[in-house]
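S.K.: Here you go, one structure.
The values are calculated or read from the model by the stated rules, or taken from the named source; none is laboratory data. Every value quoted in this text rests on a predicted model; they were computed, and no experiment measured them. When we count neighbours, we look across all protein chains shown, and the Cβ atoms used for this are built from the backbone with ideal geometry, even at glycine.
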């Protein structure tokens, strides 16, 4: 439940209902269930598909990254129902934009660390003939792109707002170039998501039902 | 009478379930973002938006291919197609007069209902501005919150997209 909560909250810009800080639980051991016996953990015999717990842990780590971004975004701005907040909170200014950029750069760092920390078989460029592992790679990549897109989207919206309000906030070369690079990244992620899904063979290619639990619960409100 | 085996029923159900649970939500997010940049002068001045147009086409084709596996997905697909029509007209250099009056289809329900009532794509993009407001739907909050598919673009971040309604 932590994963859908974090992703959906990020999409809606609202505080997460579940915080991992209040649920300090270590990640599960990355072993197959049948290796857990009454006597303890037995050794894996022969070569077999790596435990799906690797995938589970990677998804949960992504949810934590989403959660940290939300916590920071909403730290000094209490969340209100849409239409009930103070409109002044949405005004665009260089300070807010700089803080936003810092946050995005931090997120980029966390995502890069997450990427480099992935088990070898789940790395996006890892060659495998195992159908299950392929599905896990694809799902992780889509989720990674999605959270990256959501990290950069506030900058995209700020640029649209700047164009609408005809403000001078983006007149500075440095700020403009950084924000536009962020917008480009956001666009690239959106294009990559489309390409990823297009290149799949269909729903069967993307894995087991529980990968898509967030979609099941919250599909209609996800644009 | 032929009775399907339990295995057949299980796999049929599994395939159907996977279609329902396919991560279209990620596609919706991507599509919403791609539509947001279309026609944005400030962005197109500094960012290469060429890939966005073809990505929109690809995504819409893919939604068509996926099919209307549920009423919610069907409405989302119609909504994005109406957004496409809106976007095309908005960018057309010949329609400057129309542009002033154009309304972005901010509601899936509105887009779907206008189609269902027999009006075409043109109708989808001329919604009653009094009935849909992205910034203030306080009076209609109960209505919007009751139907999650209707408020697709009414989340806190996205109202910024409606910059020239």
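S.K.: Any chance you could count how many residues in segment A:114-129 are part of a helix (DSSP H, G or I), under 17 Å from the mean Cα position of the chain (by Cα) and touching a residue at least 12 places away in the same chain (Cβ under 8 Å)?
M.R.: 3
S.K.: Please work out if residue B:23 is farther than 20 Å from residue A:193 by Cβ and either in contact with a helix residue (DSSP H, G or I) (Cβ under 9 Å, 6 or more places away or on another chain) or at pLDDT 80 or above (or both).
M.R.: Against the criterion (farther than 20 Å from residue A:193 by Cβ and either in contact with a helix residue (DSSP H, G or I) (Cβ under 9 Å, 6 or more places away or on another chain) or at pLDDT 80 or above (or both)), residue B:23 does not qualify.
S.K.: Answer yes or no as to whether residue A:184 is at the interface with chain B (Cβ under 8 Å from one of its Cβ atoms), over 21 Å from the mean Cα position of the chain (by Cα) and within 23 Å of residue B:34 (Cα to Cα). Spell out the reasoning first.
M.R.: Working: at the interface with chain B (Cβ under 8 Å from one of its Cβ atoms): yes; over 21 Å from the mean Cα position of the chain (by Cα): no; within 23 Å of residue B:34 (Cα to Cα): yes.
Answer is no for this residue.
Residues checked against (1) part of a helix (DSSP H, G or I); (2) at pLDDT 85 or above; (3) more than 8 Å from every other protein chain (Cβ to nearest Cβ); (4) over 21 Å from residue B:59 (Cβ atoms):
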| site | (1), (2), (3), (4) |
| --- | --- |
| A:112 | yes, yes, yes, yes |
| A:169 | no, no, yes, yes |
| A:179 | yes, yes, yes, yes |
| A:196 | yes, yes, yes, no |
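S.K.: Still on this structure, please answer the following. Can you tell me how many residues within segment B:29-47 are facing chain A (nearest Cβ under 7 Å) and either touching a residue at least 60 places away in the same chain (Cβ under 8 Å) or over 19 Å from residue B:70 (Cβ atoms) (or both)?
M.R.: Total meeting the criteria: 12.
S.K.: Here is a follow-up. Every residue in segment A:130-141 that is within 13 Å of the chain's Cα centre (by Cα) and not in a helix (DSSP H, G or I), please.
M.R.: None; the set is empty.
S.K.: Now a separate question. Which one of the conditions (1) at pLDDT below 90; (2) buried (at least 18 other Cβ atoms within 10 Å of the Cβ); (3) at the interface with chain B (Cβ under 10 Å from one of its Cβ atoms) does residue A:133 fail to meet, given that it meets all the rest?
M.R.: (3)
S.K.: Only one residue in B:6, B:85, B:74 is modelled with pLDDT under 65 and more than 9 Å from chain A (Cβ to nearest Cβ). Which one? Show your work before the answer.
M.R.: Details: B:85 fails: modelled with pLDDT under 65; B:74 fails: modelled with pLDDT under 65.
Exactly one residue qualifies, and that residue is B:6.
S.K.: Same structure again: Considering only residues of segment A:159-169 that are free of Cβ contacts under 8 Å to residues at least 24 places away in the same chain and under 28 Å from the mean Cα position of the chain (by Cα), which is surrounded by the most Cβ atoms within 10 Å (Cβ to Cβ)?
M.R.: Residue satisfying both the conditions and the ranking: A:160.
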